[in-house]
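Below: one structure, written as structure tokens.
The values are calculated or read from the model by the stated rules, or taken from the named source; none is laboratory data. Fair warning: this is a prediction, and the values are worked out from it, not measured in the lab. All Cβ positions, even for glycine, are placed from backbone atoms using ideal geometry, and neighbour counts span all protein chains on display.
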Amino acid sequence: MFLCSGLHHLERLFLRGRHVAPGRWELCVSRDCSGFSMSFIQVDKDSDFPLQNLPYGVFSTKEEPRHRLGVAIGDQILDLSVIKHLFNGPALAKHQHVFDQPTLNAFMGLGWPAWTEARAFLQKLLSSGEPTLRDNTELRRRAFVPQASATMHLPAHIGDYTDFYSSRQHATNVGIMFRGKENALMPNWLHLPVGYHGRASSVVVSGTPIRRPVGQTKPDNDKPPVFGACKRLDIELEMAFFVGPGNKFGEPIPISRAQEHIFGMVLMNDWSARDIQKWEYVPLGPFLSKSLGTTISPWVVTMEALMPFVLPNPVQDPKPLPYLQDKEPYTFDIKLFVAIKGEGMSSPTTICRSNFKHMYWTMKQQLAHHSINGCNLRPGDLLASGTISGPEPESFGSMLELSWNGTKEIPLGNGQSRKFLQDGDEVILTGYCQGNGFRVGIDVDSIVR
């Protein structure tokens with residue numbers, strides 16, 4: 001089974017840099033394509049990686065197997081270890097070493113001033129009118145690597161992974177299936193962002209094979225459980241964010257400061273073994289049904305690249321407790337899609353059209369709640385949204401919902417249909433925010449055998 005997912009066409013943020021002083025750039029945010037909108041690197045108009053994106057990732061090559069930090073531009077990767085000496089701004093001059101690390105953790109931990117300075121500098125460096133890299137043939141030769149020649153790795157060391165359950169529609173759908181319409185939402189759901197601690201060691205990057213899990217199931221309530229391969233393997237359309245600077249043990253992060261701790265986002269598939277989950281989850285929640293693997297995109301889209309597309313937060317009724325109240329908009333219009341291409345099919349069929357804006361609890365609320373008891377978060381921790389489902393049936397973000405617990409077929413065309421995944425299926429997750437003549441995106445691929 002093959003999974004391909006991505007954050008395609010994330011609508012372009014344009015960060016315009018205004019020169020303030022040597023080594024310093026002041027940013028302003030706009031949706032237009034003026035200023036540093038063109039790069040000296042050839043970028044196709046339909047590319048996921050124009051100058052307005054510049055997502056961060058970790059890569060290696062056959063010739064140089066060392067893991068390095070990179071930024072995607074067009075079909076190239078800019079090796080940040082090669083140009084680290086050029087980061088001379090006030091926030092980065094003393095921290096150039098972070099660009100010579102095998103993961104993004106150290107850079108994530110520097111915080112917002114360093115992130116904005118790096119982004120402004122990179123947009124200037126890669127712009128068509130800037131000669132520093134453009135006209136240095138030897139430096140260009142060493143600094144750029146074709147994406148086709150690179151192997152991507154996890155962008156960070158993920159010390160901890162938390163999965164939330166923040167889509168009201170998804171929680172309602174699942175509740176109706178298993179508890180009935182009158183008891184669809186648990187009593188706590190509208191008062192706090194429900195979450196659980198996932199397995200960080202089985203978070204894998206795009207391209208990592210995923211094996212169909214085995215475990216205990218109980219297909220017949222009147223008979224003992226049986227052991228065997230999962231028969232209800234499912235996807236969950238999610239997004240997740242990486243934590244930047246952490247907090248000290250015992251010191252919560254107030255919601256008013258939460259944004260300073262959110263580095264960027266990835267698209268995520270939280271593989272789920274539904275039949276194993278059904279038997280094991282009482283009373284402590286899912287275990288083997290979730291730890292089989294969680295696939296994330298290799299490129300991290302920064303929050304700066306998403307801020308122009310922020311939307312008002314959803315109306316929350318009842319009103320949350322004070323520590324979760326936030327008037328600043330922090331949900332995003334990111335269109336999301338799931339498609340499946342079965343064996344013998346010439347092209348994939350889209351089975352889900354959803355949107356990140358359907359989330360009930362925001363990322364800032366998730367972060368504030370996670371730390372309210374003094375739990376210390378660390379750079380590179382991964383916090384996931386939970387399955388993203390909208391109000392219409394076609395916007396349900398899991399096959400559990402799309403097939404309504406296996407009671408109906410999901411048509412794929414070419415005479416094929418599904419209730420849950422079959423071996424050999426190609427699953428494609430994509431997402432985008434469309435800008436004016438440009439798009440920003442990332443890709444994810446995985447194989448289940």
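When residue 201 is tested against (1) modelled with pLDDT of 95 or more; (2) closer than 30 Å to residue 317 by Cβ; (3) out of contact with any Leu (no Cβ under 8 Å at 6 or more places or on another chain), just one condition goes unmet, and that condition is (2). Of the residues in region 325-337, at least one is more than 18 Å from the chain's Cα centre (by Cα), surrounded by fewer than 20 Cβ atoms within 10 Å (Cβ to Cβ) and of a type outside the set (D, E, K, R). Inside region 311-422, counting only strands (runs of 3 or more DSSP E) that do not spill past its ends, which hold 1 or more residues that are outside the structural domain of residue 171 (by TED's automatic domain parsing) and touching a helix residue (DSSP H, G or I) at 6+ places or on another chain (Cβ under 8 Å)? Per the criteria, no element qualifies.
Conditions tested, residue by residue: (1) among the acidic types (Asp, Glu); (2) without any contact (Cβ under 8 Å) to a residue 40 or more places away in the chain; (3) more than 30 Å from residue 214 (Cβ to Cβ).
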site	(1), (2), (3)
254	no, no, yes
257	no, yes, yes
260	yes, no, yes
273	no, no, no
281	no, yes, no
286	no, no, no
295	no, no, no
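Looking only at region 206-265, count every residue that is more than 26 Å from the chain's Cα centre (by Cα) and assigned to a helix (DSSP H, G or I) and tell me the total. Number satisfying all stated conditions: 0. Number of residues in region 337-387 that are under 18 Å from residue 410 (Cα atoms) and of a type in the set (A, V, I, L, M) equals 5. Considering 190, 185, which residue is assigned by TED's automatic domain parsing to the domain that holds residue 398, in contact (Cβ under 8 Å) with a residue 60 or more places away in the chain, assigned to a loop (DSSP other than H, G, I, E, B) and over 30 Å from residue 66 (Cβ atoms)? None of the others qualify; the one that does is 190. Just one of (1) assigned to a loop (DSSP other than H, G, I, E, B); (2) within 24 Å of the chain's Cα centre (by Cα); (3) without any contact (Cβ under 8 Å) to a residue 40 or more places away in the chain fails for residue 277. It is (1). The number of residues in region 266-303 that are over 18 Å from residue 399 (Cβ atoms) and surrounded by 20 or more Cβ atoms within 10 Å (Cβ to Cβ) comes to 10. Considering region 60-92, the residues that are closer than 16 Å to residue 105 by Cβ and in contact (Cβ under 8 Å) with a residue 60 or more places away in the chain include one that is surrounded by the most Cβ atoms within 10 Å (Cβ to Cβ), namely 70. Taking the criterion of being touching a Lys or Arg at 6+ places or on another chain (Cβ under 7 Å) and of a type in the set (Phe, Trp, Tyr), the only residue of region 258-296 that qualifies is 279.
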